[in-house]
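Right, one structure below, let's go through it.
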Amino acid sequence: FDKGILRSLETGYCVGEEPSNWRLLQLTTCEYATKLTLINNTLVQQTRNHHQQQFCVSVSHRGKALLHPRLGASAALVPCYKAASRTSLVLQTKILEDIWTPPPAVSLPPEMTPCDSPACGMVGRFRIQFSYEGRCLGVTEDNKLVVSFCNPQESQAFFYSNGTFTSVERAMCIGVANSDSKELILTQCDNSARLLYLDKELRHGRTRKHCISPLKKSVATPTPDLGAKVGLVKCQRPATSIELLEETEFLRARAALMLPLPHNESCPFPACAINKRPDFPKLLPKEEVRRCGELPECLTVVVKTARRPYFVVRLAQSVKVNLHPDVPIIVIDDGPDQYTLEVMEQIGMFPNMRYIIGDTEDIGIAAGRTIAVQLVKTRYFLNLDDDHTIPQNSGLTKIIDLMDTSDLSVVGARGRTSWAGLIDFLPDEEGRPILRQLHGTCVSKSQLLSFNKLCHRCDLTINTFLARTQDVLQVGGWSKELKISEHVDIFLRLKANGKKVANCNNFQSVHDPSTGNLIFGMNVTSFDKKAYRKLRWNRTKQMGNRFLNHWNIHKFTKVGGKGPLGSNKTDLDQIGS
């Protein structure tokens, strides 16, 4: 706001009147800006004629000023005597100061001062997350601490300083209910409990004796119900494992749950805003089309594996023979151990393949894929599981041409069943939020692309897909909270950000997890199958629950998937457009 003009820092445009309706305000070139004066908390339009009727900035609907404006309502100039809302200009620096300024100083009991632990030097605003399944510490109306969804629309942040957690909203601190109870509550800060964040636990004191944990019948549990009490118990992982989520980073990661809700009372949950689907894909104007030249210049193959190098060698051989010998391949593998010389020689036969072995035993599929995409230098990347191969008739070059000439962000390959489909959030029979996946529903006439009769608009495809590198990076890649169960999550993130997805029947890979294939005289599945299954399948339920908690839902239900393509017409009629 300078010299009576409001200018957007993001776009450089200024606030002015809409030509077709001079009362409505919009961003326009600054030469047409409306000059405003701040008088008594009201933005008044500047006029040269003092006798002329004065107009003020307000919020309106169909020409009427709104006392209680809705999200998305239009800003407008209305006669000042009709102005329904006052205006405050809040300095951006003041907002940032508010984020980092601690609540008013509180007196601490003598036994809590001083604190010489390194943990006491940690300062900031955090949400307290129970790591195992990803739920957060919430507060009830009567100041009890309970297990809750990590909901960005609820005030769950605490200011942490000197070992004390102070509720940002209530200016009260975490303390013990009474000397005979393990239960934690919000209390006056002179009764607060010192909690030190050490080695991913919140410990009561410096010794590892008592830690914060969700409770089930007064016993620590890593799998608490929503609404379960929280207390101090004997430290025992995984029940007492804690993550402190920095508030601004948390809000950025959960931005999809902060979108304005549609005017649909039947789905009032934070995730329901994602039900609104992006527009149909369309062809680009000819002047905006940039076609790929040689395949290696525009395509990189991305693979996350878990100690299965022979599968990767088989995949790399199929890329070399059936695509192009110089197409870059980026592989992220779990560590930290190196392979034998024999294995490394097989990997070294593909100079175009960058094979990265991580520093940790269990990177996770989600984090591994995000790391790989961050290393991609081409316009597109092809996402593949390690037990897939590229056939001679993959159709990939046609899909690249489709991406070159349209505004699609992702194109998925066809699968053996009608797995690709639409997804939406809705309440279950008890009114709780759930996510529904409707297999096969996008492969129908109503979703057919007008410019390609082999492709359909979709929300979700199989894990073999071609994507624009920058579009996936813009949504943050895969969620780092998920080791597995990351597949649906990335497509929800794409949908929430308006990225367009299609599924094409002329695009395919081959899924072959068989044990009989030989590569260079070596069995493809020469890996520790027992250890691999234990690593992956023992955590399926845990990561599935983390996925549910990330999106604040109680259940993920799948409908169809075994019938022919497009067989779920009834289900398609139920889902929104």
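Brief remarks on what is shown
- Two-site FRET efficiency, Tyr339 against Asp199, from Cβ-Cβ distance with R₀ of 22 Å, rounded to 0.05: 0.10
- Unsatisfied cross-links (Cα-Cα over 30 Å) in the set Lys229/Lys495; Lys3/Lys499; Lys229/Lys555: Lys229/Lys495; Lys3/Lys499
- A 1.4 Å probe over all protein chains sorts Thr11, Thr166 by accessible area into Thr11, Thr166, starting with the largest.
- In plain terms, the bigger the Kirkwood radius, the slower the diffusion; for region 406-520, with that radius from Cα pairs, at 4 °C and 1.567 mPa s, Stokes-Einstein puts D at 84 µm²/s.
- Its Cα gyration tensor gives region 241-346 an equivalent ellipsoid. The semi-axes, each the square root of 5 times an eigenvalue, are 40, 28, 13 Å from largest down.
- Principal axes of region 351-457: Cα extent on each, largest first, Å: 51, 39, 26
- With the largest listed first and rounded to whole Å, the semi-axes of the equivalent ellipsoid of region 235-296 from the Cα gyration tensor are 39, 25, 11.
- Cross-link pairs exceeding 24 Å in C-alpha to C-alpha distance, out of Lys144/Lys217; Lys64/Lys276; Lys209/Lys483, comprise Lys64/Lys276; Lys209/Lys483.
- Highest average packing first - 223-231, 405-413, 346-354, 154-162, Cβ atoms within 10 Å: 405-413, 154-162, 223-231, 346-354
- Spacing of the two label points (7 Å from each Cα toward its C-beta) at Asn191 and Leu375, in nm: 5.5
- The Kirkwood radius of region 220-267, taken over pairs of alpha-carbon atoms, gives through the Stokes-Einstein law at 10 °C and 1.306 mPa s a diffusion coefficient of 112 µm² s⁻¹.
- If R0 is 45 Å, the Cβ-Cβ spacing of Asp362 and Glu141 corresponds to a FRET efficiency of close to 0.65.
- Each peptide in 139-147, 549-557, 209-217 was scored by the mean count of other Cβ atoms within 10 Å over its residues; highest first, the order is 209-217, 549-557, 139-147.
- Shown here: region 391-441, whose C-alpha atoms stretch 49, 26, 13 Å along the first, second and third principal axes, sorted largest to smallest.
- The simple spin-label model puts a point 7 Å past each Cα toward its Cβ; for Asn178 and Cys30 those points are separated by 6.5 nm.
- Here is the size of region 264-419 from its Cα atoms: Rg then Dmax, 18.5, 62 Å.
- Burial ranking of peptide ranges 435-444, 313-322 (average Cβ count within 10 Å, highest at the top): 435-444, 313-322
- Extended-chain gain in nm, criterion 0.36 nm per residue less alpha-carbon gap, Glu429 and Arg237: 65.6 nm
- Ser167, Ser446, Ser514, ranked by accessible area, largest first (probe 1.4 Å): Ser446, Ser514, Ser167
- Within a straight-line Cα-Cα reach of under 15 Å, Lys282 can be paired with the following aspartates and glutamates, leaving aside sequence neighbours fewer than 8 residues apart in one chain: Asp401, Asp404, Asp407.
- Principal axis analysis of the Cα atoms in region 141-253 yields extents of 34, 31, 28 Å, listed in decreasing size.
The values are calculated or read from the model by the stated rules, or taken from the named source; none is laboratory data. In this text the structure is predicted, and so the values were computed from the model without any measurement. So basically every Cβ, Gly included, is an ideal-geometry build from the backbone, and we count neighbours across all protein chains shown. We work out accessible area using only protein heavy atoms, side chains counted, and drop any ligands, DNA or RNA first. Shrake-Rupley method; radii C 1.70, N 1.55, O 1.52, S 1.80 Å.
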